[in-house]
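What follows is a set of notes on a single structure, which appears directly below.
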Amino acid sequence: DRSASFGAEPPLYAEIKSALYEAPAKPLIGSYIYGLGGREILPQHIRHAFETAIKGDLLADEQGYLGLRE
């Protein structure tokens, strides 16, 4: 999602979570905030998010951030 709102889930994450609510298998889903400050989202950012998910390193109910300056 390109939005961060304190105390609320990002819109895209909330929609996906809601759509999967009644799924028989409860997949672990992750939430990432990207594009803050007008920054571009690059292919390596998306790759990082997918690699984290594939490894099983997602933290439930926590947001990750992509493309931030450290």
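Please enumerate the residues belonging to segment 4-26 that are exposed (fewer than 10 other Cβ atoms within 10 Å of the Cβ), of a type outside the set (A, V, I, L, M, F, W, C) and under 20 Å from A53 (Cα atoms). Once the filter is applied, which keeps residues that are exposed (fewer than 10 other Cβ atoms within 10 Å of the Cβ), of a type outside the set (A, V, I, L, M, F, W, C) and under 20 Å from A53 (Cα atoms), segment 4-26 yields Y21, P24, K26.
Let's see how each residue does on (1) among the acidic types (D, E); (2) surrounded by fewer than 12 Cβ atoms within 10 Å (Cβ to Cβ); (3) at pLDDT 90 or above:
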site	(1), (2), (3)
G37	no, yes, no
P43	no, yes, yes
H48	no, no, yes
A60	no, yes, no
G67	no, no, no
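Within segment 22-44, being part of a helix (DSSP H, G or I) and either among the polar types (S, T, N, Q) or more than 15 Å from L12 (Cβ to Cβ) (or both) holds for G37, G38, P43, Q44.
Pairs meeting the criteria (first residue in segment 26-38 and without any contact (Cβ under 8 Å) to a residue 12 or more places away in the chain, second residue of a type outside the set (A, V, I, L, M, F, W, C), beta carbons under 9 Å, at least 6 apart or on different chains) are G37/R69.
Which residues, counting only those in segment 45-70, are of a type in the set (S, T, N, Q) and closer than 18 Å to L12 by Cα?
Filtering segment 45-70 for residues of a type in the set (S, T, N, Q) gives 52, 63.
Selection gives Q63 alone.
The values are calculated or read from the model by the stated rules, or taken from the named source; none is laboratory data. This one's a predicted model, so the numbers in the text were calculated from it and none came from an experiment. Positions of Cβ are generated from backbone atoms using ideal geometry, with glycine treated the same way; all protein chains shown enter the neighbour counts.
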